[in-house]
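Participant: Can you keep this structure in mind? I'll have questions shortly.
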Amino acid sequence: MATPAQWLAGARPRTLPAAVSPVLAGTGVAAYADGAVWWKALLALVVSLALQVAVNYANDYSDGIRGTDADRVGPMRLVGSGAAAPGAVKRAAFLAFGVAGVAGLVLAATTAWWLVAVGLVCVVAAWYYTGGSKPYGYLGLGEVMVFVFFGLVAVIGTTYVQTETWEWAALWAAVGVGALACAILVANNLRDIPTDTLAGKRTLAVLLGDRGTRRLYAALVVVAALAVLGVAVVTSWWAVLGLGFLVLAAPATRTVLGAAVGPGLIPVLQQTGLAELLWAALVAVGLVVAG
């Protein structure tokens, strides 16, 4: 029987930064546009956090029953380690999906009902990342979907439910947050190249190889830095505060480019998650001050 601490470990420590960052960035843009609605921002945070938890448990369940996590370097997985029954982890995933769905329905009812369709697509994408007979996470498409759903959809959606307008700054903010969300996954998959190769899990890292994956990580950090400038160009130069994320991203990049492997890459996951959170927080502060 898994302990409460083990269940929390199953949700992964980078869940909170990855969930909070899109909402912070999107709300910062809404504040600059003088359209921030704080109760909607809180509901968007509930949706984001619940989806993050759901996708983590869904991945734990699907990878666990396939045996992908049988020999794992990173944080403990509940099913793979035998700490929890597969059915229990699957129920936890669907409970989290349910929480996200309820909060999302409230946002749709008070904004636009077509957002229900967006929410359903998000849930399907979260489940089939590693679920189903042909999970797209095993076909090298994980980073693309993370960029789309935890970058573009999450940030632009957070801004839209508050302002109900299109904001170019939200697009740039989504690119920055999405790039760093992808960088987290790239670092994770870089660490797991040996075990994923043996398990037949063809992640983008497996397809690119060690050197190509390290270069991709560095490129994503550069994209995130350029996105800060993009936000500043269409709003205010106060947004360049966001470049402070490099305080954390730069050492993480040095570690990745320095050929760290296995457990040596675990700190990179933590640094990148916090860098994403810092990116969003500093950009949001700059936009609030400018607005």
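Taken together, the values in this text are just the output of simple stated rules run on the coordinates, not laboratory data. Note that the coordinates shown come from a computational prediction; the quantities given were computed from them, not determined experimentally.
Participant: First check a/c for segment 183-245, with a ≥ b ≥ c the square roots of the eigenvalues of its C-alpha gyration tensor; if it is under 1.5, answer rounded, and if not, answer prolate when a/b is larger than b/c or oblate otherwise.
Facilitator: prolate
Participant: Explain nothing, just the number: relative contact order of the chain, from Cα pairs under 8 Å at least 6 residues apart, as a whole percent.
Facilitator: With pairs under 8 Å counted, the relative contact order is 25 percent.
Participant: If I fit a long axis through the Cα atoms of helix 154-163 and take the longest principal axis of the Cα atoms of the chain, what angle between them do I get, 0 to 90°, rounded to 10?
Facilitator: 30 degrees
Participant: Moving on to the next point. Could you run the Karplus curve 6.51 cos²θ - 1.76 cosθ + 1.60 with θ = phi - 60° over segment 135-143 and give me ³J(HN,Hα) per residue in whole Hz, x for Gly and Pro?
Facilitator: x, 6, x, 8, 10, x, 9, x, 5
Participant: Would you work out the Kirkwood radius for segment 23-290? I mean one over the mean of 1/r across all pairs of different Cα atoms, in Å.
Facilitator: 18.8 Å
Participant: Still on this model: Divide the volume of the convex hull of the Cα atoms of segment 227-291 by its number of residues and quote the answer in cubic angstrom per residue.
Facilitator: 61 Å³
Participant: Follow-up question, since we're still on this one. Straight distance only, please: which lysines reach the Cα of Lys201 with their own Cα at less than 28 Å, same-chain residues fewer than 8 apart left out?
Facilitator: Lys90, Lys134
Participant: What number, rounded to the nearest 500 deg cm²/dmol, is the helix-based mean residue ellipticity at 222 nm of the chain, given -39500 (n - 2.57) per DSSP H run of at least four residues and division by all its residues?
Facilitator: -24000 deg cm²/dmol
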